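The values are calculated or read from the model by the stated rules, or taken from the named source; none is laboratory data. Here the structure is a predicted model, which means the values were calculated and not measured. Every residue, glycine among them, receives a Cβ derived from its backbone with ideal geometry; neighbour counts consider all protein chains shown. Ligands, DNA and RNA are excluded from the accessible area calculation, which covers all protein heavy atoms including side chains. Shrake-Rupley method; radii C 1.70, N 1.55, O 1.52, S 1.80 Å.
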Amino acid sequence: MSTSDNVRIAPADGKLGILIPGIGAVSTTFMAGVEAVKRGLGVPVGSLTQLATIRLGKRTDNRTPYIRDFVPLAGLDDLVFGGWDIYEDTAYDAAANARVLEATLLEKVREPLEAIKPMKAVFDPEYVRRINGPNVKQAGSKMDKAEMLMEDIREFQSGTGASRLVMIWCGSTEVFHRPAAVHQSLKDFECGLMKNDPDIAPSQIYAYAALKLGVPYANGAPNLTTDTPALLELARDRQVPICGKDFKTGQTFMKTLLAPGLKARMLGMSGWFSTNILGNRDGEVLEDPGSFKTKEETKLSVLEQILQPHLHPELYKDLYHAVRINYYPPRGDAKEGWDNIDIFGWLGYPMQIKIDFLCRDSILAAPLVLDLVLFLDLAQRAGMKGIQEWLSFYFKGPMTAPGLYPEHDIFIQLMKLKNTLRWMRGEDLITHLGLEYYD
Ligand SMILES: NC(=O)c1ccc[n+]([C@@H]2O[C@H](COP(=O)([O-])OP(=O)(O)OC[C@H]3O[C@@H](n4cnc5c(N)ncnc54)[C@H](O)[C@@H]3O)[C@@H](O)[C@H]2O)c1
């Protein structure tokens, strides 16, 4: 610790174990990508922890180190992977099935990927309806299953020799549900686990197991999961950092780039229609109205929060916002998203903007997984606990303290993230005031 640091950050010694419920398109693209980067076969494009710099002090100071040199992060060579899935496919087979990465590249990282065999999942077809698989824990109550997961985690840790762990949900999107009585306190939740309460989702059993063992938890899907008083209580009790929900990639990423710009210029908006086609397993699960509803909630809330129609009724009060997702197998993971935006300017004169984004979902999501696990591990070593709002940058539906509205503007989120790192190391926060240059 240097004399100026605001927090003591333990060194990133030893291996960091990454535990992933859901060995599908996103997680295998992430793991294969890390193995490829380690071998010099590719560049970790899209990752702040690997590529971004951070300005320190005044613009005239010329101090812009890489983030990875400014704060102590785990190195890629120190990452070890494990996970759970309802299918028995190794990470190599799952990556081959997902058809995100080329076969020639996958072949070069075949060995480490083949060694990743999914542990038996905690699964409930009531929560994810379109898929079913054989690799599932069968007997016992939900509490028994949580204990089995804890045993899996301990075995993984002793088998790999990892000194620290992080868990990140890359499983399918569960059906929409609101917090119920069983989520109101940790006591209620533990009682519910023993009584097999139907309101407890599989993702919450994984989160419970992780938090109980002091393992930080990130939620890459829009599921409720840790966004409940019970699991927040557990995270605080065990002094564990958590963050979520729903990786901000593709169409919503575009929305949070464009909408703050239009709002900044006080341009009006009467409609935003988003539709897309995708053909991966995620798209198949989202065909189910229950899972789509969960996704729709995070996708729709973004514009409302950015545009603040209650403050600017003349610009945004009649905004019509719709989001559609269509499962279309021929496209696989290569999604196409269309946006039609009806805006208006001076004296209400209408204009239109069209976006056609031919994106690759998992290619956009993989660097987010990497940054999140490295930053959550940093937060843990810095003694930060509970919701990590500075990681909002990565999410469509950022978790916040109860009663606080989330910040969706990606540039504010980036400033928040970098200022948190500056704060950790006792550097001046950057306000962009800049009057000192003109004294
Ligand atoms: N790719 C993106 O850009 C993006 C963006 C935001 C959110 N997400 C979310 O990330 C998640 C993963 O996306 P993906 O494209 O990899 O999907 P995928 O369908 O390829 O992978 C998900 C995997 O989770 C497994 N699974 C489902 N329930 C499980 C359980 N209870 N335990 C263990 N495994 C379980 C499935 O069998 C599947 O293999 C989805 O929820 C998706 O909505 C993805």
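Here the accessible area of the chain is 53 percent carbon and sulfur, with a 1.4 angstrom probe and all protein chains present. Rounded to the nearest 5, what % of the DSSP beta bridges within the chain are antiparallel ones? For the chain, the DSSP antiparallel bridge percentage is about 40. Here the extension length gained between TYR438 and ALA322 equals 37.1 nm, from 0.36 nm per residue of separation less the Cα-Cα distance.
Could you order the peptides 28-41, 318-331 from most to least packed, using the average number of other C-beta atoms within 10 Å per residue?
28-41, 318-331
Normalised per residue, the accessible area of region 143-262 is 33 Å², obtained with a 1.4 Å probe and no contribution from ligands, DNA or RNA.
Among the listed pairs LYS145/LYS396; LYS15/LYS255; LYS317/LYS396; LYS263/LYS354; LYS354/LYS416, those with a Cα-Cα distance over 26 Å are LYS145/LYS396; LYS15/LYS255; LYS354/LYS416. Per residue, region 348-439 exposes 47 Å² of solvent-accessible protein surface, assessed with a 1.4 angstrom probe and all protein chains in place. In this rough spin-label picture, where each label sits 7 Å from Cα along the Cβ direction, the PHE357-ARG55 distance is 2.6 nm. Averaging the Cα positions of each part gives two centres, and for region 412-435 and region 114-182 these lie 37 Å apart. Based on the Stokes-Einstein relation at 4 °C and a viscosity of 1.567 mPa s, and on the Kirkwood radius from alpha carbon pairs, region 98-181 is assigned a translational diffusion coefficient of 81 µm²/s.
For SER158, the solvent-accessible surface with a 1.4 Å probe is about 90 Å², rounded to the nearest 10. Length gained on full extension, GLU147 to ARG99: 13.8 nm, using 0.36 nm per residue less the C-alpha separation. Let a ≥ b ≥ c be the square roots of the eigenvalues of the Cα gyration tensor of the chain; is it rounded (a/c under 1.5), or, if not, prolate (a/b larger than b/c) or oblate? Because its axes are fairly even, with a/c under 1.5, the chain counts as rounded. Solvent-free Debye calculation, one equal scatterer per alpha-carbon of region 259-299: log10 I(q)/I(0) at 0.15 Å⁻¹ equals -0.55. For LYS212, give me every one of the aspartates and glutamates with a C-alpha distance below 17 angstrom, ignoring sequence neighbours fewer than eight places off in its own chain. Of all the aspartates and glutamates, those that pass the test against LYS212 - Cα under 17 Å, at least 8 places apart if same chain - are ASP144, GLU147, GLU151, ASP152, GLU155, ASP188, GLU190, ASP227, GLU233, ASP237, ASP377. When the Cα atoms of region 220-316 are aligned to their principal axes, the ranges along those axes come out at 46, 35, 20 Å in descending order. Taking the centroid of alpha carbons for each part, region 210-254 and region 313-338 are 25 Å apart. Rounded to the nearest 500, the helix-only mean residue ellipticity at 222 nm of the chain stands at -11500 deg cm²/dmol, with each DSSP H run of n ≥ 4 adding -39,500 (n - 2.57).
Scaled against 2.2 N^0.38 Å for its residue count N, the alpha carbon radius of gyration of region 274-343 is 1.30.
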